[in-house]
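Step one of this worksheet: look at the structure below.
The values are calculated or read from the model by the stated rules, or taken from the named source; none is laboratory data. Source: prediction; values computed, not measured. Neighbour counts run over all protein chains shown; Cβ positions are idealised from the backbone, glycine included.
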Amino acid sequence: MFLDITNKHNVIINPKHFYKALSIITSMVDKRLVDKKVSLVIVSPNEIQKLNQTYRGKNSVTDVLSFPLIDVSDDILDEDLGEIFICYTKVYEQAKVLSHSIDLEWQILFVHGMWHLLGYDHITDKDYIIMNTKETQVLDLLKKDISL
């Protein structure tokens, strides 16, 4: 998979962490997805609140939103898999609250968003366990490879 990062707020990020996560996820999924593009957009609290209101009917700031552009269970024709929006202030807040690095929080949110693009969700307990297991597998591999 390919990654396009939009960072108009010039937030300090380490793109290699996102590329590594994408590489790990690519190795775990349907091979028809290998040549697809994922867009990561880093947004402000106001921007993500507007998106959350418009597309989910929730008038609040959230950490990550994912918008799949294809249904991975159907024929995969489009080159774009979808878009992930991450609120940079939430990254800093959550890293502090959870007492881990900012880099790790970026990874957690990106990996979470990727599994949503790939058709996973956490609405039911069963779905939560499946998605959480996949997220943990990726994050464990990232922690071995990158100091987070």
Next item on the list: Could you tell me whether residue 69 is of a type outside the set (Phe, Trp, Tyr) and surrounded by 18 or more Cβ atoms within 10 Å (Cβ to Cβ)?
Entry: no
Checklist line | Criterion (in contact (Cβ under 8 Å) with a residue 12 or more places away in the chain and either in a helix (DSSP H, G or I) or in contact with an Asp or Glu (Cβ under 9 Å, 6 or more places away or on another chain) (or both)) met by exactly one of 26, 54 | finding: 26
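A quick yes/no check of all residues on (1) touching a residue at least 40 places away in the same chain (Cβ under 8 Å); (2) in contact with a Cys (Cβ under 6 Å, 6 or more places away or on another chain); (3) of a type outside the set (Lys, Arg); (4) part of a helix (DSSP H, G or I):
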site	(1), (2), (3), (4)
85	yes, no, yes, no
89	yes, no, yes, yes
103	yes, no, yes, yes
114	yes, no, yes, yes
120	no, no, yes, no
123	no, no, yes, no
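Conditions tested, residue by residue: (1) touching a residue at least 40 places away in the same chain (Cβ under 8 Å); (2) loosely packed, with under 14 Cβ neighbours inside 10 Å; (3) charged (D, E, K, R); (4) assigned to a loop (DSSP other than H, G, I, E, B).
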site: 9; (1), (2), (3), (4): yes, yes, no, yes
site: 12; (1), (2), (3), (4): no, yes, no, yes
site: 16; (1), (2), (3), (4): yes, yes, yes, no
site: 81; (1), (2), (3), (4): yes, no, no, no
site: 97; (1), (2), (3), (4): no, yes, no, no
Next item on the list: Output the residues belonging to the stretch 29-51 that are outside any helix (DSSP H, G or I), at pLDDT 90 or above and closer than 23 Å to residue 70 by Cα.
Entry: 37, 38, 39, 40, 41, 42, 43
